[in-house]
Amino acid sequence: MINRSRCGAIFLVLCLTAAPAFTQRKAARFDPDGSFWIHGTPPPEFSDFDSINLNAKRLRYLNPPGLMMRTTRYRYKTLTVQRDNFTFTTMTVRGIFYTFSGKFLKGGVYGAGNLDDETPVLEGTLTRFRNGKKVAEANLKFVYFGGT
């Protein structure tokens, strides 16, 4: 007959060894690396918008991380990438920087999925600052492009 304290100890060891594996699998299910383009026609105040680029693994076939506005890349100063909380602030270039606050509309590994260029997967507010003052802001939806 096995005593209860021994059973409890065995159960505790099993839980502690299985928990990290479960957490790693669960965390690996969300990977939005790729580029995000405005869904539809950009508003006039963001007509120079190109893409929001995530490339945590620094893969060659993906654009470098940062916000692209026509020919200028704004590197991330701060960046949070979680499914329900995607935010960033860019570095300042010639007096201009951007902030974004939003969320992803789908989970999963974006590069492995069958995401099309018509279904939004990200939404949020993009704001442009010039010399520290807000000069443009828009609530936008974005579609995904995983590179070529």
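Please enumerate the residues belonging to the range 66-82 that are at pLDDT 95 or above and either not hydroxyl-bearing (Ser, Thr, Tyr) or not assigned by TED's automatic domain parsing to the domain that holds residue 108 (or both).
Residues of the range 66-82 at pLDDT 95 or above: 66-69, 72-82.
Answer for the range 66-82, where residues must be at pLDDT 95 or above and either not hydroxyl-bearing (Ser, Thr, Tyr) or not assigned by TED's automatic domain parsing to the domain that holds residue 108 (or both): 66, 67, 68, 69, 73, 75, 77, 79, 81, 82.
Would you pick out the residues in the range 50-63 that are in a strand (DSSP E or B) and free of Cβ contacts under 8 Å to residues at least 60 places away in the same chain?
Within the range 50-63, 50, 53, 54 meet the criteria.
How many residues does the range 94-119 hold that are loosely packed, with under 14 Cβ neighbours inside 10 Å and within 19 Å of residue 48 (Cβ to Cβ)?
2
List, please: which pairs have Cβ atoms under 6 Å, are six or more places apart or on different chains, and start with a residue in the range 92-105 that is under 17 Å from residue 69 (Cα atoms) and free of Cβ contacts under 8 Å to residues at least 40 places away in the same chain and end with one that is part of a strand (DSSP E or B) and of a type in the set (Gly, Ala, Ser)?
From residues that are under 17 Å from residue 69 (Cα atoms) and free of Cβ contacts under 8 Å to residues at least 40 places away in the same chain, there are no pairs.
Can you find, within the range 33-48, the residue that is surrounded by the fewest Cβ atoms within 10 Å (Cβ to Cβ) among those that are touching a residue at least 40 places away in the same chain (Cβ under 8 Å) and outside any loop (DSSP other than H, G, I, E, B)?
Here the residue is 45.
Has the range 107-119 got any residue that is modelled with pLDDT of 95 or more and either touching a strand residue (DSSP E or B) at 6+ places or on another chain (Cβ under 6 Å) or assigned to a strand (DSSP E or B) (or both)?
Applying the first criterion (modelled with pLDDT of 95 or more) to the range 107-119 yields none.
No, the range 107-119 has no match at all.
Do the conditions hold for residue 98, that is, is it modelled with pLDDT under 95, among the hydroxyl-bearing types (Ser, Thr, Tyr) and assigned by TED's automatic domain parsing to the domain that holds residue 133?
Taking the combined requirement at face value, the residue does not satisfy it.
So, in the range 120-148, how many residues would count as being at pLDDT below 95 and loosely packed, with under 12 Cβ neighbours inside 10 Å?
1
Looking at (1) of a type in the set (Lys, Arg); (2) exposed (fewer than 13 other Cβ atoms within 10 Å of the Cβ); (3) over 14 Å from the mean Cα position of the chain (by Cα), which is the one condition that is false for residue 57?
Of (1) of a type in the set (Lys, Arg); (2) exposed (fewer than 13 other Cβ atoms within 10 Å of the Cβ); (3) over 14 Å from the mean Cα position of the chain (by Cα), only one is false for residue 57: (3).
The values are calculated or read from the model by the stated rules, or taken from the named source; none is laboratory data. On a predicted model such as this, the values are computed, not experimentally measured, just so you know. Positions of Cβ are backbone-derived with ideal geometry, glycine not excepted, and every protein chain shown enters the neighbour counts.
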